[in-house]
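Reading through the structure tokens given below for one structure.
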Amino acid sequence: MRFVIGSKQTTKMVEKRLATTVYVAQDADPRLKNNIVQLCEKAGVPITWSDTMKSLGETCGIEVGAAMAAVIPEIE
């Protein structure tokens with residue numbers, strides 16, 4: 001499983017229909033959250049909520065917080 005981290009990259013992956021799941025931190029900026037939730041609903045991409053940006057960053061294997069991340073298929 002491969003992650004793309006950050007709001008710009010996540011948005012891009014959803015728009016390109018490459019994201020299979022999007023993780024969003026509950027404590028992320030409300031404007032970012034609303035934008036990606038609407039985008040995912042239109043694209044039919046499931047959202048998994050994370051309690052905090054810190055815990056989402058740890059899930060993605062980075063040492064800083066992340067507002068959102070997209071799971072994309074491994075490229076063979």
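The values are calculated or read from the model by the stated rules, or taken from the named source; none is laboratory data. Computed from a prediction, not measured in an experiment: that's the story for all the values here. Every residue, glycine as well, gets a Cβ built from its backbone with ideal geometry; the counts of neighbours run over all protein chains shown. Calculation scope for accessible area: heavy atoms of the full protein, side chains included, ligands and nucleic acids excluded. Shrake-Rupley method; radii C 1.70, N 1.55, O 1.52, S 1.80 Å.
May I ask you to order 22-30, 57-65 by the average number of other C-beta atoms within 10 Å around their residues, highest value first?
22-30, 57-65
Just to confirm, what accessible area per residue do you get for region 2-72 at 1.4 Å probe, in whole Å²?
Details: 4120 Å² over 71 residues.
Accessible surface, normalised per residue, equals 58 Å².
Leaving out ligands, DNA and RNA, and with a 1.4 Å probe, what % of the accessible surface on the chain is carbon or sulfur?
Here carbon and sulfur together make up 51 percent of the probe-accessible area.
On the principal axes of its Cα set, how long, how wide and how thick is the chain? Give whole Å, largest value first.
Here the spans come out as 30, 27, 18 Å, largest first.
Which aspartates and glutamates have a Cα lying under 16 Å from the Cα of Lys42, excluding residues fewer than 8 positions away in the same chain?
Glu15
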